[in-house]
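Single-structure report; data block below.
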Amino acid sequence: MTTEIKVPVLPESVADATVATWHVQVGDSVKRDQVLVEIETDKVVLEVPATSDGVISEIREGEGATVLGEQVIAILEAGAAAAPSADKEDTPAKESAPEGQVQDILVPVLPESVADATIATWHVAEGDSVSRDQVLVDIETDKVVLEVPATSDGVMGKIIHAEGDTVLGQQKIAELIAGASATSAPTAAPAEEASSGDEVASPSVRRLMTEKGLSASDVKGTGKGGRITKEDVEAAVHKSASAETKSSPAAVTPANSALGERSQKRVPMTRLRKTIANRLLEAKNSTAMLTTFNEVNMKPIMDLRKQYKDVFEKTHDTRLGFMSFYVKAVTEALKRFPSVNASIDGDDIVYHNFFDISIAVSTPRGLVTPVLRDSDQLSMAGIEQGIRDLAIKGRDGKLTMDDMQGGNFTITNGGVFGSLLSTPIINLPQTAILGMHKIQDRPMAVDGKVEILPMMYLALSYDHRLIDGKESVGFLVTIKELLEDPTRLLLDV
């Protein structure tokens with residue numbers, strides 16, 4: 001059966017997207033839920049998984065191609081199998097450590113500002129066969145998630161620290177029996193076909209397991225070689241809920257029986273989520289926060305982008321999105337209103353003579369704000385590339401403490417998720433944050449006539465202790481004027 005692989009539905013504020021990376025080629029066998037391609041928009045990277053097992057028979061759009069929402073980019077022959085390749089017989093085997101050698105699995109070195117970390121998710125269990133570079137465990141700090149890979153092929157030995165345990169840098173958390181196989185290891189389970197970390201579960205399935213509070217050892221994979229599918233995760237959740245209900249018969253009442261199965265699951269809050277919660281609460285309680293609003297006609301930028309996006313991408317090898325215009329406008333406005341680029345330190349006001357912009361990025365584990373540094377020295381292409389790199393690192397859990405620290409002002413774009421209007425919360429110790437929203441056609445009065453224009457609401461939340469109403473309104477009006485006449489951004493007027 002032929003299945004079309006399509007670009008996901010794009011948010012209304014996103015006009016088009018770019019094919020970033022193909023992870024498969026024509027003729028490759030793929031598994032259900034395996035990530036085939038990454039599609040890049042202005043701010044987020046979307047993963048497109050296979051809907052069934054099969055073989056890729058055609059790729060219509062190569063890397064770098066500009067595509068639209070729901071556009072067909074490839075063809076999958078469901079249920080087919082790839083022809084055996086003679087080349088695979090000539091592939092040299094990986095070097096492995098001496099069989100039976102016990103290797104210690106250690107927590108990575110933590111940044112100086114991080115005292116300890118938490119075991120977030122074990123992706124393997126004792127007795128599992130593992131491959132070199134396969135991710136064994138995720139270690140979570142206050143802001144970043146560190147992946148610990150296997151240093152060689154082998155079998156998992158003793159797991160010393162379980163999920164939820166607090167650990168220190170370079171602390172031993174498990175053992176790996178290098179060079180061994182599952183059938184020869186003392187803790188062996190029945191031998192199964194060895195799988196790499198990506199083959200055990202796709203990134204989307206791994207995220208689903210994290211959301212449900214499950215590890216790979218909690219889920220029985222029914223795919224080839226023990227591969228875990230989304231259905232396997234849902235089955236494990238259902239089984240866990242059923243077990244909890246049976247273990248507490250007093251909780252089941254006749255009313256519950258009439259309504260069907262009703263259950264709930266309690267899981268501990270992750271470190272990152274706790275940090276986000278504490279910082280948001282601190283911002284609300286320790287600042288005199290107000291929000292002012294305005295709106296901007298996006299037609300000039302959309303027309304300019306439509307005219308030059310192809311030549312821009314060809315020249316700079318990166319797509320022209322909306323975020324580079326936003327960052328340019330914010331940087332210019334910060335130059336004109338120094339108090340918005342300042343912070344409060346005790347009884348002092350610290351004015352910054354540099355422009356580091358925090359960009360809110362949505363990741364599988366929560367909202368983070370990595371920093372785009374020296375935005376005043378970056379070209380439009382440099383801004384686009386910098387934001388793209390931060391978004392990819394955020395999605396993959398690769399953001400470092402250096403990526404997260406600092407920042408004088410934050411831009412958050414809820415419009416990519418469909419938000420029409422919001423009041424963003426200040427990212428301490430900054431004194432202001434700008435919220436961008438969904439671009440929506442609205443009837444507007446222009447020179448006494450009604451025109452339908454693509455409009456977007458702007459929201460500036462600011463600390464009234466430092467920024468007066470006049471300054472906040474002037475700052476927001478400056479951004480509006482620059483976005484409605486983007487030529488001024490290029491001429492610096």
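The values are calculated or read from the model by the stated rules, or taken from the named source; none is laboratory data. Fair warning: this is a prediction, and the values are worked out from it, not measured in the lab. Heads up, the Cβs are rebuilt from the backbone with ideal geometry, glycines too, and the neighbour counts pull from every protein chain shown.
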Response to the item:
Among VAL45, VAL67, the single one that is in the same structural domain as LYS6 (by TED's automatic domain parsing) and touching a helix residue (DSSP H, G or I) at 6+ places or on another chain (Cβ under 6 Å) is VAL45
Practice prompt. Would you confirm whether any residue within segment 468-478 is surrounded by 14 or more Cβ atoms within 10 Å (Cβ to Cβ) and either of a type in the set (D, E, K, R) or in contact with a Gly (Cβ under 9 Å, 6 or more places away or on another chain) (or both)?
Written response: yes
Worksheet item: Any idea which of VAL361, VAL371, VAL330 is more than 22 Å from the chain's Cα centre (by Cα) and under 18 Å from GLN430 (Cβ atoms)?
Response: VAL330
Item to complete: Please enumerate the residues belonging to segment 22-80 that are of a type in the set (Val, Ile, Thr) and without any contact (Cβ under 8 Å) to a residue 60 or more places away in the chain.
Response: VAL24, VAL26, VAL30, VAL37, ILE39, VAL48, THR51, VAL55, ILE56, ILE59
Worksheet item: Which members of segment 126-178 meet the condition of being among the acidic types (Asp, Glu) and either part of a strand (DSSP E or B) or without any contact (Cβ under 8 Å) to a residue 24 or more places away in the chain (or both)?
Response: ASP138, GLU140, GLU147, GLU175
Worksheet, complete the sentence: If we ask which residues in segment 132-158 are more than 30 Å from LEU367 (Cα to Cα) and either buried (at least 21 other Cβ atoms within 10 Å of the Cβ) or touching a Lys or Arg at 6+ places or on another chain (Cβ under 8 Å) (or both), their number turns out to be 8
Worksheet, complete the sentence: SER379 passes all but one of the listed conditions (1) in contact with a helix residue (DSSP H, G or I) (Cβ under 6 Å, 6 or more places away or on another chain); (2) within 22 Å of ASP16 (Cβ to Cβ); the exception is number (1)
Worksheet item: In segment 287-305, what residues are farther than 20 Å from ILE387 by Cβ, part of a helix (DSSP H, G or I) and out of contact with any Asp or Glu (no Cβ under 9 Å at 6 or more places or on another chain)?
Response: ASP303
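Yes or no, residue by residue, for (1) touching a Pro at 6+ places or on another chain (Cβ under 6 Å); (2) surrounded by fewer than 18 Cβ atoms within 10 Å (Cβ to Cβ); (3) of a type in the set (D, E, K, R):
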| site | (1), (2), (3) |
| --- | --- |
| LYS335 | no, yes, yes |
| ASP345 | no, yes, yes |
| PRO370 | no, no, no |
| ILE387 | no, no, no |
| ASN413 | no, no, no |
| THR423 | no, yes, no |
| MET436 | no, no, no |
| ASP441 | yes, yes, yes |
Item to complete: Return a yes/no flag: does segment 10-21 have any residue that is more than 27 Å from SER358 (Cα to Cα), among the hydrophobic types (A, V, I, L, M, F, W, C) and not assigned by TED's automatic domain parsing to the domain that holds LEU320.
Response: no
Discussion item. Take residues that are farther than 28 Å from ASN413 by Cα and tell me which of the strands (runs of 3 or more DSSP E) falling wholly in segment 22-75 contain 1 or more.
Written reply: 54-59
Practice prompt. Only residues in segment 377-396 that are closer than 13 Å to PHE322 by Cα count as the first member; pair them with residues that are among the aliphatic types (A, V, I, L, M) and part of a helix (DSSP H, G or I), Cβ under 6 angstrom, at least 6 apart or cross-chain, and list the lot.
Written response: ILE383/VAL327; ILE387/MET323
Item to complete: For ALA333, state whether it is assigned to a helix (DSSP H, G or I), farther than 30 Å from MET209 by Cα and either assigned by TED's automatic domain parsing to the domain that holds ALA65 or touching a His at 6+ places or on another chain (Cβ under 6 Å) (or both).
Response: no
Practice prompt. Go through the residues of segment 118-125 one by one and say whether even a single one is in a loop (DSSP other than H, G, I, E, B) and surrounded by 17 or more Cβ atoms within 10 Å (Cβ to Cβ).
Written response: yes
